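Participant: Pasting in a structure now, in structure tokens, and then I'll have a few things to ask.
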Amino acid sequence: MSSKLKITGFSLFFLFLFLAVIPVAQAQDVQGNMMKFGRLLRLIESYYVDTTNIDKLTEGAITDMLSKLDPHSVYISKEEVEKMNEPLQGSFEGIGISFNILKDTLMVVTIIPGGPSEKVGLLPGDRIMVIDGKTVAGTGLKNSDVMSMLRGDKGTKVDLKVMRKRHTDWLDFTIIRDKIPINSLDASYMLDDETGYIKLNRFSATTTDEFLAAIKELKTKPGFRNLVLDLRGNGGGYLKAAIDLADHFLGAYRLVVYTEGVHDTRKDYKATALGEFEQGKLVVLIDEGSASASEIVAGAVQDWDRGLIVGRRSFGKGLVQQPFPLTDGSVVRLTTAHYYTPSGRCIQKPYENGVEEYRKDYLTRFETGELFSEDSIHFDETKLYETLKNKRPVYGGGGVMPDVFVPIDTSANYAYFNQLIRKNILYSNVLTYMDANREKLSKKYTDFGTFISKFEVDEVIIEKMIAEADQEKIEKDEASVAFARPLIKKQIAALLARDLFGPGYYYQAINQEEEIIQQALEVLKNASQYEKLLVEK
């Protein structure tokens, strides 16, 4: 047997071995099928008419096998494992910058505070011309190429040659790579005198610490008493991170979630007495992109009548995956259990019609009108449950339904604005503007409050975007352009705020007139409405 076939055999052995402890008869079936598959691979290698790649055939077979189970059991190749784990581990090793390739030039956009690049004096707006002796300017570089050159093991060095405005000669920098945090917390600030706001983009190994730091900072504000937790677009992450976060809102010993599967006995996860925000008014924002760990938090808050859920029906992922490593470094992420909210709801949406139909769910919601009309949502009465304190009706079988519905804006005029974003016309123009005016803007607007109240977008930059859109043959009419103008201005201000003051200020700017934020504030300010919604539904 060739080495490749040995590796494949062992990989399949571990794949089946790790599924669970199974009955003898079933184990014999598994062994028989393993032998069948192994013989097929040997026959292909020995007799097939053309040259084949056994590894690719095996990976294809594994992927196809898992696709027959559920939409979330997946095979991850050795090359993809590290890339997929980084965001959840909460860090990577590199030099600590964000960059953009503008007109074939690698431009530093932001510097991560306290990171290796800040320590040596690299600045936003710097152009990186050479990396470790290799010219990167004007070479048709891709983002993936840059990342592979700038990232590396902690303690290793990278040499850069940088072009900086008002410097005639290139500057030399030697940067020692280090651990760079990947934050799961996008923003934390006060929406008004009484209401704090925290936005999380995922549930990672560092989420609990990030949330604790943010909530403790908010609690130092004299009027703080309410919290808006924004989980829109948060696709989930670690189960433990979701449990730890929900713990901060629930009283001691209250059930947060439980998991159960055919080979996985029921496990209950309960809150401790260490919650940082167990008393004040709470609103959790969700939408169709809020999944898995986000739904655990939203479901626990709703089931215990702890706070109000505002937005649109969440994604509907109620399956728990466990990673099983294979011998070649690849991983099978296998669904091993369902998770259930405290009331007993499984919020997993149906997937019996196959993966393709499952992935079309957003389109289905759009076509049925669910995204813009609460009346278009139909409940499965066989999956009716009650909240644990106030006995409000809640439903399982397809995501968490909000207590306060906020429709998506489905105006056809959005198409033009969205094309400006997708074609990178809006962002590239903002980068160019920021690059040309960075020093002037930094001197004029020394704090966010001054910037957001006094900054006015130059119409010239908008006209330039419209002209570029015309060159790209993006369809438009007077109504779509008129509709897009205020949205463009809002995005420009938010992107500039991010570059001037830090990543969190993007959301502080963009949330200024967001309908869902206004709805959250309205229900928090109206004490009788807040209490009524928690009692009736």
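Since every read-out is calculated from the coordinates, none of them should be taken as a lab result. Computed from a predicted structure; not experimentally measured. Here Cβ is always computed from backbone atoms with ideal geometry, including for glycine, and neighbour counts include all displayed protein chains.
Participant: Rounded to the nearest angstrom and ordered from largest down, what semi-axes does the equivalent ellipsoid of the stretch 474-537 get from its C-alpha gyration tensor (root of 5λ)? If you can, show how the numbers build up before the last one.
Facilitator: On the way: eigenvalues 208, 75, 11 Å².
Semi-axes (√(5λ), whole Å): 32, 19, 7.
Participant: Counting pairwise Cα distances across the stretch 128-242, what percent come out greater than 20 angstrom? All intermediate terms of the calculation are to be shown ahead of the outcome.
Facilitator: Working: 4030 of 6555 pairs.
Cα-Cα pairs in the stretch 128-242 separated by more than 20 Å: 61 percent.
Participant: Right, next: Show me, for the stretch 81-88, the HN-Hα J-couplings you get by feeding each phi into the Karplus relation (A = 6.51, B = -1.76, C = 1.60, θ = phi - 60°), rounded to Hz, glycine and proline as x.
Facilitator: Along the stretch 81-88, the couplings run 4, 4, 4, 7, 7, 3, x, 7 Hz.
Participant: Under the rule of -39500 (n - 2.57) per DSSP H run of 4 or more residues, summed and divided by the residues of the chain, what mean residue ellipticity at 222 nm is obtained, to the nearest 500 deg cm²/dmol?
Facilitator: Working: 19 runs with 223 residues, N = 537.
Rounded to the nearest 500, the figure is -13000 deg cm²/dmol.
Participant: Counting only residues 5 or more places away or on other chains, whose amide H sits under 5 Å from the amide H of HIS338 once H atoms are built in the peptide plane?
Facilitator: GLU260, GLY261, VAL320
Participant: Mind listing the long-range amide H neighbours of VAL256? Cut-off is under 5 Å, sequence gap 5 or more, other chains count too, H placed in the peptide plane at 1.01 Å from N.
Facilitator: For VAL256, whose amide H was placed from the backbone, the distant partners under 5 Å are TYR269, LYS270, ALA271.
Participant: Enumerate by residue number the trypsin sites (Lys or Arg not before Pro) in the stretch 383-451 meeting two conditions: DSSP loop (anything except H, G, I, E, B), and at most 13 other Cβ atoms within 10 Å of the site's Cβ.
Facilitator: On the way: sites: LYS383, LYS389, LYS391, ARG422, LYS423, ARG438, LYS440, LYS443, LYS444; in loops: LYS389, LYS391, LYS423.
Within the stretch 383-451, the qualifying trypsin sites (Lys or Arg not before Pro) (loop, at most 13 other Cβ atoms within 10 Å) are LYS389, LYS391.
Participant: Still on this structure, I have one more. In nm, give the distance between the simple-model label positions of THR174 and LYS532, each being 7 Å from the Cα along the Cα-to-Cβ direction.
Facilitator: Modelled inter-label distance: 7.0 nm.
Participant: Rg and Dmax of the stretch 91-181 over Cα atoms: what are they, in angstrom?
Facilitator: Both quantities, over Cα of the stretch 91-181: 12.0, 36 Å.
Participant: Sticking with this one: So for the pair LYS157, GLU80, with labels modelled 7 Å out along Cα→Cβ, what separation do we get in nm?
Facilitator: 3.8
Participant: Karplus couplings for the stretch 432-446 from phi (6.51 cos²θ - 1.76 cosθ + 1.60, θ = phi - 60°), rounded to Hz, Gly and Pro as x?
Facilitator: Each residue's phi maps through the Karplus curve to give 4, 5, 5, 5, 7, 10, 3, 5, 5, 5, 5, 6, 6, 10, 7 Hz.
Participant: Quick check: Cα centre of the stretch 78-120 to Cα centre of the stretch 332-363, how many Å?
Facilitator: Answer, in whole Å: 33.
Participant: ASP268 to LYS391: FRET efficiency via 1/(1 + (r/R0)^6), r the Cβ-Cβ distance, R0 25 Å, to the nearest 0.05?
Facilitator: Efficiency, from the Cβ-Cβ distance: 0.70.
Participant: Can you compute the FRET efficiency between GLU522 and ILE182 using 1/(1 + (r/R0)^6), with r the Cβ-Cβ distance and R0 = 35 Å? Round to the nearest 0.05. Present the calculation step by step, with values, prior to reporting the outcome.
Facilitator: On the way: r = 34 Å, r/R0 = 0.97.
That pair, GLU522 with ILE182, gives E of 0.55.
Participant: Turning to a different aspect of this structure: What spacing in nm lies between the two simple spin-label points modelled at MET65 and THR52, each 7 Å away from Cα in the Cβ direction?
Facilitator: 1.5
Participant: Report ³J(HN,Hα) in whole Hz for each residue of the stretch 118-128, in order, from the Karplus equation J = 6.51 cos²θ - 1.76 cosθ + 1.60 where θ = phi - 60°; Gly and Pro get x.
Facilitator: 5, 5, 9, x, 5, 10, x, x, 4, 9, 8
Participant: Antiparallel as a % of all DSSP beta bridges within the chain, to the nearest 5? Don't jump to the answer; show the numbers that get you there.
Facilitator: Values: 50 of 67 bridges.
Given both bridge residues lie in the chain, the antiparallel proportion sits at roughly 75 percent.
Participant: Going from the alpha-carbon gyration tensor of the stretch 185-410, what semi-axes, largest first and in whole Å, does one get by taking the root of 5 times each eigenvalue?
Facilitator: Working: eigenvalues 142, 100, 63 Å².
Semi-axis lengths for the stretch 185-410 are 27, 22, 18 Å.
Participant: Using the Cα atoms as the points, what is the convex hull volume per residue of the stretch 421-537 in Å³?
Facilitator: 150
Participant: Provide the three semi-axes, in whole Å and in decreasing order, of the ellipsoid equivalent to the chain as defined by the square roots of 5 times the Cα gyration tensor eigenvalues. Don't jump to the answer; show the numbers that get you there.
Facilitator: On the way: eigenvalues 317, 258, 111 Å².
Equivalent ellipsoid semi-axes, largest first: 40, 36, 24 Å.
Participant: For the stretch 244-372, what are the per-bin percents of Cα-Cα distances with bins 5 Å wide, up to the bin holding the maximum?
Facilitator: For the stretch 244-372, the pair-distance distribution reads 2, 10, 17, 19, 17, 15, 11, 6, 3, 0, 0.
Participant: Let me ask something additional. Order of ILE44, ILE54, ILE95 from fewest to most other C-beta atoms within 10 Å? It would help to have the intermediate numbers written out before the result.
Facilitator: Working: ILE44 13, ILE54 16, ILE95 28.
Neighbour counts put them in this order, fewest first: ILE44, ILE54, ILE95.
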